[in-house]
1. Suppose we filter region 118-146 for residues that are of a type outside the set (Gly, Ala, Ser) and closer than 13 Å to LEU168 by Cβ; how many remain?
2. Considering region 136-154 alone, what residues qualify as being more than 16 Å from the ligand (Cβ to nearest atom) and either farther than 24 Å from PHE61 by Cα or surrounded by fewer than 21 Cβ atoms within 10 Å (Cβ to Cβ) (or both)?
3. Does ALA90 meet the test of being touching a helix residue (DSSP H, G or I) at 6+ places or on another chain (Cβ under 9 Å) and of a type in the set (A, V, I, L, M)?
4. I want to confirm something. Restricting to region 59-115 and keeping residues that are part of a strand (DSSP E or B), away from the ligand (no atom under 13 Å from the Cβ) and crowded, with 18+ Cβ neighbours inside 10 Å, which single residue is modelled with the lowest pLDDT?
Amino acid sequence: MVEFDVEADFISKEEAKELMLWVDNNEYNDKLFPKVSEAGPSDNRVTTRFAKESAFPDVAFRIQKRILDKYHYKDFVDIEPIGAGTGMIAIKVYPGDQGSFPHVDPKLKGRDAVRCNIVLQNAEVGGLLRIEGEVMSTPDRALHAYNVTKLLHHITPTEGSTCRYVWLFGVHMPWKAEDFSPILFNKSRREATANLCWEGFDKLLKHAKAFYPESPNPLDLLTLNYRGNWQELLDQVTKSS
Ligand SMILES: [Fe+2]
């Protein structure tokens, strides 16, 4: 296992189609896709993240099993308590979604979480995964996995005329996930940023925008270019009113 693991063609075109059809047929079902806004600047997406019940079709469970087998996860991981206990989430992102802030997911009970994601269909423009400021390659139907509780990550805004569909499955690692050791680049920044609450992110984003008013990704630029003490900057920015 590596920090960012990709396997091309992890699911077939038919499987991807079947999952997308399930999303299209259920996106107006409030029990499966509750209308709760995710933390983000301005969203234009539906998700089963907050669903109280799960009704994933068999194909989702078949893919889940393939992942558990691939990583030999069965014996030593727990499924993340998301997606009504299935560990699975489906997301459909419409053009015009603003993406998410760079963040590190919180650890539940101190445990690392690895997300195994499959982009069923990429957006026409944007909707890119950035980890530690770098754009990662996530082709349609490939499996990509990384440690979301260690690595600073976010999705860029989407444009164009087609939707972006994602299906994911999350697992909790045992107490340490050495195999998914964090990318050394920016380690101290990541750890410092991980402790920010959303209000903190908001302030940091405003600060970044003041420096890079023209950029669509000001926080990325600030993260990459700031040469001073990152923790001191965060303290200064987040404690100001
Ligand atoms: Fe995340």
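The values are calculated or read from the model by the stated rules, or taken from the named source; none is laboratory data. Remember, it's a predicted structure, so these values are computed and weren't measured experimentally. Reconstructed Cβ throughout: ideal geometry from the backbone, glycine too, with neighbour counts over all protein chains shown.
1. 8
2. SER137, PRO139, ASP140, ARG141, ALA142, listed by residue number.
3. Yes: the conditions hold for ALA90.
4. MET88
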